[in-house]
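Q: Quick one: structure below, then a few questions.
FYI, it's all coordinate maths here, none of it is from the lab. Remember, it's a predicted structure, so these values are computed and weren't measured experimentally. Ideal geometry is used to build each Cβ from the backbone, glycine not excepted, and the neighbour counts take in all protein chains shown.
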Amino acid sequence: MVGIQAWVLSLVLLAIIPTSFAAEAGEERRALMAAAGYPLPGIAPPRSNEGHGPHEYLWIANVMLVDGLGSPPRGPVHITLKDDLIEKISATPPDDQSMEKLDGSGMTILPGFIDSHAHIGNGGTPEDGPPPPEYIFKLWLGHGITTVRDVGSTLGLDWTVTHAELARENKIVAPRIIPYSMFPGTQVVTANDAKAWVRGVAKKGARGVKLRGGTKAAQTAVYEETARLEMGTANHHDQNGVYHMNALDSARLGLDSLEHWYGLPEALFEDRTIQDYPPDYNYSDEQWRFNQAGRLWAQAVAPGSEKWQAVIAEMVDLDLTLSPTFTIYEANRDVMRARDAEWHVDYTLPLLKRFFGPDPHLHGSFHFD
């Protein structure tokens with residue numbers, strides 16, 4: 001019961017927190033979690049004796065290469081690196097064979113993956129808090145992910161920027177981290193305050209801003225100020241505010257990336273501006289929320305229609321990137337398979353295993369009848 005009470009308290013705080021809330025720019029979510037009683041993780045431990053390097057020169061020998069440019073695998077090749085940058089790829093060994101050597105015989109090398117929509121400290125429960133960052137970093141690296149864009153810095157911008165700096169200096173085992181700060185659209189509602197907030201998070205090290213809604217004036221100001229400061233933008237068009245700022249509206253204001261797919265069907269509406277919800281719909285009930293979300297497409301214009309093609313063409317012209325986060329949607333289509341995957345035994349924290357079962361208090365765990 002204590003956990004449920006803390007979870008409810010966090011929602012209440014999110015709903016009623018005033019504009020004058022004292023949290024620093026970029027620290028709003030962390031302050032809310034702390035106020036709700038969530039135990040918050042500290043900084044990831046130093047790498048100590050894990051691995052070796054960095055090396056001034058490194059030779060990766062006898063490895064098959066997938067270059068990421070559409071070419072078929074080829075090899076074996078020899079790759080030499082200087083200060084973490086590839087200096088040469090050759091079919092023959094380097095002249096200087098005294099440098100540090102990794103034997104890649106029987107292995108394949110390819111460019112590191114970039115996860116464009118990641119959260120270091122999202123999720124967790126009021127009892128246990130979010131997973132420790134060391135666990136998350138090593139899972140990412142184990143899957144070949146060498147760069148992540150943390151869209152939100154939900155455990156605080158200072159905390160996230162600290163990890164980004166430690167990763168860049170090779171002081172922790174982690175991928176490169178690009179920190180985006182979550183715009184508090186329910187707290188910052190005017191254009192002037194929004195611009196001041198953007199300047200504040202930029203000064204603290206944010207590389208971009210993630211939006212989830214807010215007043216039209218404030219969101220417009222965020223796009224203007226991030227463009228001036230050459231920061232990136234991402235937007236999860238929350239259903240609570242998409243009626244006055246859909247994906248195409250945001251793209252026209254300079255949005256860089258559309259998260260998930262929210263706001264896109266609304267840009268394809270022709271005879272309405274908001275979704276036709278059932279009378280007993282409740283957005284706070286995630287089973288309702290996700291059950292109805294896909295039905296948006298049935299209310300949009302027909303695929304291939306004139307407006308459908310025009311919206312696609314305009315978004316391409318505006319250079320809008322889509323970051324659709326399909327993985328979890330695929331799991332939701334076959335929950336039993338995802339829940340019983342063999343790798344859970346060795347790699348999934350008990351805390352996270354709970355998210356694969358039905359629980360109305362855990363985000364995304366809406367696996368009910």
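Q: Semi-axes of the equivalent ellipsoid for the stretch 153-254, please: Cα gyration tensor eigenvalues, times 5, square-rooted, ordered largest first, whole Å.
A: 26, 13, 12
Q: Which three extents, in angstrom, do the Cα atoms of the stretch 230-369 have along their principal axes, listed largest first?
A: Result, largest extent first: 48, 42, 27 Å.
Q: Can you give me the angle between helix 216-228 and the longest principal axis of the chain, using Cα atoms only, in degrees from 0 to 90, rounded to the nearest 10?
A: 30
Q: Roughly speaking, what is the centre-to-centre gap between the stretch 306-369 and the stretch 35-111 when only Cα atoms are used, to the nearest Å?
A: Value for the Cα centre distance between the two parts: 30 Å.
Q: Something else: Please sort 43-55, 59-71 by packing, taking for each peptide the average over its residues of neighbouring beta carbons within 10 angstrom, highest first.
A: 59-71, 43-55
Q: Run through all the Cα pairs of the stretch 57-109 and give the fraction in each 10 Å bin from 0, expressed as whole percent.
A: 27, 57, 16, 1
Q: Moving on to the next point. Near P111, within a Cβ-to-Cβ distance under 15 Å, what is the net charge of the other residues, with Lys and Arg +1 and Asp and Glu -1?
A: Around P111, the surrounding residues sum to -1.
Q: Oh, and also: Could you please state, rounded to a whole Å, how far the C-alpha centre of the stretch 232-257 is from the C-alpha centre of the stretch 189-230?
A: Distance between centres, Cα-based: 13 Å.
Q: Let me ask another. Please report how many Lys pairs in the chain have alpha carbons closer than 17 angstrom, counting only residues at least 8 apart along the chain or sitting on separate chains.
A: For the chain, the number of qualifying lysine pairs is 7.
Q: Oh, and also: Report the gain in length on full extension from D96 to Y57: 0.36 nm times residue separation, minus Cα-Cα distance, nm rounded to one decimal.
A: Stretched fully, the D96-Y57 segment lengthens by 13.0 nm.
Q: Moving to a separate point now. Mind checking the angle between helix 2-16 and the chain's longest principal axis? C-alpha axes, 0 to 90 degrees, to the nearest 10.
A: 70
Q: Going by C-beta contacts inside 10 Å, put R272, R333 in order with the fewest on the left.
A: Ordered from fewest to most neighbouring Cβ atoms within 10 Å, R272, R333 come out as R333, R272.
Q: Only residues of the stretch 40-77 count here: report those whose backbone N is under 13 Å from the spot 7 Å along Cα→Cβ of E169, or say none.
A: 46-47
Q: OK, next. Quick check: residue separation of K138 and L40 times 0.36 nm, minus the Cα distance between them. What number comes out in nm?
A: Working it through step by step, the gained length comes to 33.4 nm.
Q: Sorted from fewest to most neighbouring beta carbons within 10 Å, what does the list S305, S153 look like?
A: Lowest count first: S305, S153.
Q: Let me ask something else. By average Cβ neighbour count within 10 Å, what is the ranking of 260-269, 322-331, 352-361 from highest down?
A: 260-269, 352-361, 322-331
Q: Could you please rank H143, H119, placing first whichever residue has the fewest other Cβ atoms within 10 Å of its Cβ?
A: H143, H119
Q: With runs of 4+ DSSP H residues as the only contributors, calculate the mean residue ellipticity of the chain at 222 nm using -39,500 (n - 2.57) per run, divided by the residue total and rounded to the nearest 500.
A: -9500 deg cm²/dmol
Q: For helix 157-168, report the angle its Cα long axis makes with the longest principal axis of the Cα atoms of the chain; keep it between 0 and 90° and round to the nearest 10°.
A: 20
Q: Here's something else I'd like to know. Excluding R30 itself, what net charge comes from residues whose Cβ is under 10 Å from its Cβ, given Lys and Arg +1 and Asp and Glu -1?
A: Taking every Cβ under 10 Å from that of R30, the sum is -3.
Q: Taking 2.2 N^0.38 Å as the expected size of a compact globular protein, what ratio does the Cα radius of gyration of the chain give against it, to two decimals?
A: 1.09
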